[in-house]
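Everything below concerns the one structure shown next.
FYI, it's all coordinate maths here, none of it is from the lab. Only a predicted model underlies this, so the values are computations on that prediction, with no experimental measurement involved. Cβ sites come from the backbone with ideal geometry, for glycine too, and all protein chains shown count toward neighbours.
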Amino acid sequence: MSDDILSQNEIDALLSSISSGEMVADELKKEEEEQKVKVYDFKRALRFSKDQIRSISRIHENYARLLTTFFSGQLRTYVNINVASVDQIPYEEFIRSIPKMTILNVYSVEPLDGSIILEVNPNIAFTMMDRVLGGQGANKGKAESLTEIESLVITQLFEKAVSNLEEAWSTIVDIEPSLQEFEVNPQFLQMVPPNDTVVVVSLNTQIGETSGMMNICIPHIMLEPIIPKLSGHYWLENASQERDLESYEDISRSLKKTEVEATALLGSANITLNELLHLKGDDVIALNQNIDEPLTFLINQEPKMLVQPGKIHNKTAVQVLEEIQGGEVDL
C-alpha cells in the first residue's frame, strides 16, 4: 500500500487534532503547497515542449519509412527501420552515449544553420557495405580499421539517401541536405558547446539478420528558426491547406476527358408480361409522364438534373432546369 494513503485510525487522529486546535487546517494546506517543489537540472535544460517533440517524432517516422524503402532497394534484402525514441539531452551526453568508434555522417541543412549528425552502429554499417559489395550481409569489421574503399562505399550509400531527409522535412521547411563530413571518432566532432541542447532521434534498424541502432542528432540552433512550425496547431493548419497543385491539375485534366453516358428519360410505363408478348406494330404505350412536367436527366444511370426537351441547330436537345440534390428522384 502507498505511504500516501492513511489508515482509518490515522484519519481519526488527524480530525481529532484539528477539532482540538492542536493542528490548524491552514497550516496543513501551507505545508502541502511547500512540498510541491520540482528538481530542475540547469545542465539539462528542456528547450522543446512535448508538442514540439511529437512533431519531430512524426517527421522522423516518415523519414524511417522512406529509409526502409530506399535501403530495401539498394541492399536487396529485408530492411525495417522505425523510431524508437525522441529525447532532448545535452550534446555532451549524446557523445558519451554512442560507441567510441562508430560511423558518423554529418549533413549540412541549408538554409538552416548548424548540421545534423547521423550515427550508424558499425554492425549496421558493415552489413550494408557487405550487401553493396555482393556479400550475404556479414558485419565483421571495426570502424577504426576502415579502408579508403570501404569508407567511400559507406559514404556514397548515405549520400544517396539525403533525398529522403529532404522529403521528410518538406512538410515543415524546404532544406537542401548535403553530406559534408564522414567520421568514425565522435570526439573529433564538436558541432555545439557540450551543454547545448540537442534532439536525439533513435531508430531501430534491422537489415537481414543484423539489428542495431541509428541515431540522429539535431542541435537546438538548427531548429530554433522553425520552432513555431513544430506546434500541433501548425500541423493541423498545414494539413488542411496542403495540396499538390501539379497532381490536382493532372487529375482535373484526366477527369475532364472521362466519357460518361447521358440520358434524358422521356417517361416510363408498367405493363404485364402478357401485354409485352402481344405487342405489335402501331401499338401505343402510354407513359406516366405529363407533357408539362420536366424530364429526368441521368448520368451513368444516376438521376442528376431536371430538364425540358427542345431543339438547337435542328438537333434534339434538353435544357437544364435544376440540379437534383443527392441524386434522389422517383422514376
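List the residues, sorted by chain then number, that are 5 or more residues from Gly137 or on another chain and whose placed amide H is less than 5 Å from its amide H.
Arg131
Do the alpha carbons of any pairs in Lys229/Lys256; Lys100/Lys160; Lys256/Lys315 sit beyond 28 Å of each other, and which pairs?
Lys229/Lys256
Can you list the HN-Hα couplings for the range 275-283, worked out from phi with the Karplus curve (6.51, -1.76, 1.60; θ = phi - 60°), rounded to whole Hz and with x for Gly and Pro?
5, 5, 5, 9, 5, 9, x, 6, 5
May I ask you to evaluate 6.51 cos²θ - 1.76 cosθ + 1.60, the Karplus curve with θ = phi - 60°, for each residue of the range 73-90 and list the ³J(HN,Hα) values in order in whole Hz, giving x for glycine and proline?
My calculation for the range 73-90 gives x, 6, 9, 6, 7, 5, 9, 9, 10, 8, 6, 8, 6, 9, 10, 10, 9, x Hz in order.
Could you tell me whether the range 259-327 comes out rounded, prolate or oblate from its Cα gyration tensor? Rule is a ≥ b ≥ c as square roots of the eigenvalues, rounded for a/c under 1.5, then prolate if a/b exceeds b/c, otherwise oblate.
Prolate, since a/c reaches 1.5 and a/b exceeds b/c.
Please report the net charge: other residues with Cβ closer than 14 Å to the Cβ of Glu166, K and R +1, D and E -1.
The answer is -4.
Kindly provide the trypsin sites (Lys or Arg not before Pro) of the range 58-154 that DSSP labels as loop, not H, G, I, E or B, and whose Cβ sees at most 13 other Cβ atoms within 10 Å.
Answer by residue number: Arg76, Lys100, Lys140, Lys142.
Could you tell me the calculated FRET efficiency between Ser170 and Thr272, based on Cβ-Cβ distance and R0 = 51 angstrom, to the nearest 0.05?
After rounding to 0.05, the efficiency reads 0.15.
Using modelled backbone amide H atoms (1.01 Å from N, in-plane), which distant-in-sequence or interchain residues come within less than 5 Å of Leu189's amide H?
none
For the residues Glu176, Glu181, what sequence is obtained by ranking on other C-beta atoms within 10 Å, fewest first?
Glu176, Glu181
Need one number: nm distance between label points at Asp282 and Val320, each 7 Å from Cα along Cα→Cβ, rounded to one decimal.
Taking the two extended label points, one gets 4.3 nm.
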